[in-house]
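The values are calculated or read from the model by the stated rules, or taken from the named source; none is laboratory data. None of the values given here were measured: they were computed from a predicted structure. Please note: Cβ atoms are built from the backbone with ideal geometry, for glycine as well, and neighbour counts cover all protein chains shown.
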Amino acid sequence: MNPVTRLIRMAADYKWWMLLAALLGFLTVGSSIGLLMTSAYIISKAALHPSISELQVGIVGVRFFGISRGLFRYLERLVTHDTTFKLLTRFRVWFFEALEPLAPARLQKYKSADLLNRIVSDVQTLEHFFVRVLAPPMVAVGISLLMWILLRVYDPVFGITILLFHALAGLAVPALSYLWAQGTGEAILKLRADLNVLILDQIQGMAELTVFNGQDSHRKQINEVNRKLDRLEQKMTRISALHEALIGLLMNAAVLTMLVFAIPLVQQNTLDGVYLAVIVLGVMASFEALLPLPEALQFLEKNSRAAGRLFEMVDATPEVREPDVPEALPDSADFAIKELTFRYEPNATPTLQDISLSIPAGSRIAIVGPSGAGKSTLIQLLLRFREYHTGSIQLGSVELKKMDSEQVRKQMAVVSQSTFLFDSTVRENLLLAKPQAEEQDLTQALQAADLWNFVSGLEQGLEAEVGAHGQKWSGGQRQRLAIARAVLKEAPVLLLDEATSGLDAFTEQAVLETILTRLSGITIIHITHRLVMMDRFEQIVVLCKGRIIQQGTHKSLLQKEGFYKEMWQLQRQQDMLAN
Ligand code: ATP
């Protein structure tokens, strides 16, 4: 379906508000016309020195239209803005609701600046959809009809003439400026998006650009896009100037034509000379309704493009389909993975192949293996971020895909390789995991992550700001805050995805020790390529190229020749060298 038709359907709930706003717009321009026509009448009539009573109707008319014009303009602005904000809220909520199920799998292909652009700029562009696209044509049609009705009272030719000039100004000029501007609105949106992506890249990659002397070439790219954007915006300004000039020209041509028809009628006494100025000023005032029309077409193109970009995103089917009738969460947190095979793309080589694994509730399991073995992929499947099609994953003997994903995720706390911290305080970042947590819970969680000494030593303690992405903290401190957050969640399953690999050896050991001692009773799935405290895990699974190649306890695995023993020996050598 056409994006504009879809937008209109989405806006249909507010149709009465939109009609009211358009009606008020019509009454405002109508009052302007009334004001000028009655003023012209008074001035012309007064020149003939009539008695004051003959001017009474005109005087009342001027007062009425003078006041009503301001009042209607005010009400029109009020209702229009109110309707616009209602629509904008509707569009925003709809977009976020549609976007949420797509994260993270379906959003990976978008750059973050592009996503931001769609969420902010494209949705913002739709702000103009009603005010500048839908309302102006409604007001213009109403005013044309009003003028036709008013002027044909004097002579049918006047009615036809005004319709003709209104059609030229309201249809031909917009069509002309649309043809000239075709594609420009779309190109501007695209260039703006490109510019945002480049600027964000420059800000985020400032350190790398500085180190590798890439600032100049990056700046050149930005300047190039900026120049193109400038040229297109200038073109748009020229088009706007031209259509304003053309409408002005048509307005004057309409006035002249009216005079050409009206003057002979006055000479023949068919038309009272007083009405000459009335007609002329009425015609001039009526063109106010046509001025926004060429711009309306340009905004239509922009809105259609912006809506198209939003629909393109939200129309993507979520990778994970929620069941129509989800099954209840089981009491047990036992995981059973059977013959699980997973591919990122339908015909790609499997990232995980024939994985069968049993993780009883409360057990501790370490999944180890070289980089790219598929460890994080397994975590993503457990978290329902990606869909599996072959094999089965059961939680307490209920298939994972038969349950509501959000409920499944509530059973798990995760600490991943790249922790995201919000630009807020330590407290806020922790409360994300458990909004109702007490002071004591926060302290205990920080102690478990070996971070309490650091936080309590800060001047502002829990109220200290961590900065954007936790920039004010070191990588290890960020990671420990993430661990504290996961501990605070008190979920039955804790997933550690290379959670301690960013810590120094001492802290790594201390943090793991605390987690393993304090969090007794909960399942811990520890994904790592560093073999630290492996003897504390009941089960170690060695994953290589997507397959389980070894499985057992630390002791049993060291007794056999194989990948695990090699990894262990290599790591010991490295540790000895490092010491
Ligand atoms: P590391 O220890 O380096 O984090 P890992 O064992 O966690 O590695 P995964 O991140 O699960 O490995 O990646 C396994 C394989 O899947 C890799 O070959 C990787 O290139 C591929 N892969 C990961 N994410 C995607 C994706 N979104 N699309 C396609 N392939 C992917």
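Table for the structure above
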| item | result |
| --- | --- |
| Residue 571 vs. criteria away from the ligand (no atom under 14 Å from the Cβ), in contact (Cβ under 8 Å) with a residue 40 or more places away in the chain, crowded, with 16+ Cβ neighbours inside 10 Å and more than 39 Å from the chain's Cα centre (by Cα) | no |
| Residue within the range 510-532 that is in a loop (DSSP other than H, G, I, E, B), buried (at least 16 other Cβ atoms within 10 Å of the Cβ) and over 41 Å from the mean Cα position of the chain (by Cα) present | yes |
| Residue, nearest to the chain's Cα centre (by Cα), within the range 341-362, restricted to residues that are surrounded by 20 or more Cβ atoms within 10 Å (Cβ to Cβ) and part of a strand (DSSP E or B) | 342 |
| Pair list, Cβ < 9 Å and 6+ apart or interchain, from the range 366-379 residues that are closer than 16 Å to residue 540 by Cβ and assigned by TED's automatic domain parsing to the domain that holds residue 493 to residues that are within 6 Å of the ligand (Cβ to nearest atom) and among the basic types (Lys, Arg) | 367/375; 368/375; 369/375 |
| Count of the range 452-485 residues which are within 35 Å of the chain's Cα centre (by Cα), among the aliphatic types (A, V, I, L, M) and in a loop (DSSP other than H, G, I, E, B) | 2 |
| Test: residue in the range 235-246 that is among the aliphatic types (A, V, I, L, M) and farther than 24 Å from residue 291 by Cβ | no |
| Residues being assigned to a helix (DSSP H, G or I) and small (Gly, Ala, Ser) - total across the range 547-579 | 2 |
| Some residue of the range 231-238 being within 24 Å of residue 175 (Cβ to Cβ), surrounded by 13 or more Cβ atoms within 10 Å (Cβ to Cβ) and modelled with pLDDT under 90 | yes |
| Breaking point among (1) of a type in the set (A, V, I, L, M); (2) away from the ligand (no atom under 16 Å from the Cβ); (3) surrounded by 15 or more Cβ atoms within 10 Å (Cβ to Cβ), for residue 105 | (2) |
| Subset tally (residues that are within 28 Å of the chain's Cα centre (by Cα), surrounded by fewer than 14 Cβ atoms within 10 Å (Cβ to Cβ) and among the small types (Gly, Ala, Ser)) for the range 391-438 | 1 |
| Selection count, the range 533-547, where residues are buried (at least 19 other Cβ atoms within 10 Å of the Cβ) and either of a type in the set (Gly, Ala, Ser) or within 13 Å of the ligand (Cβ to nearest atom) (or both) | 4 |
| Meets criteria (touching a Ser or Thr at 6+ places or on another chain (Cβ under 6 Å) and surrounded by 15 or more Cβ atoms within 10 Å (Cβ to Cβ)) for residue 131 | yes |
| Residues being within 19 Å of residue 376 (Cα to Cα) and away from the ligand (no atom under 16 Å from the Cβ) - total across the range 334-349 | 4 |
| Any hit, the range 320-333, residues being at pLDDT below 90, within 16 Å of the ligand (Cβ to nearest atom) and not assigned by TED's automatic domain parsing to the domain that holds residue 121 | yes |
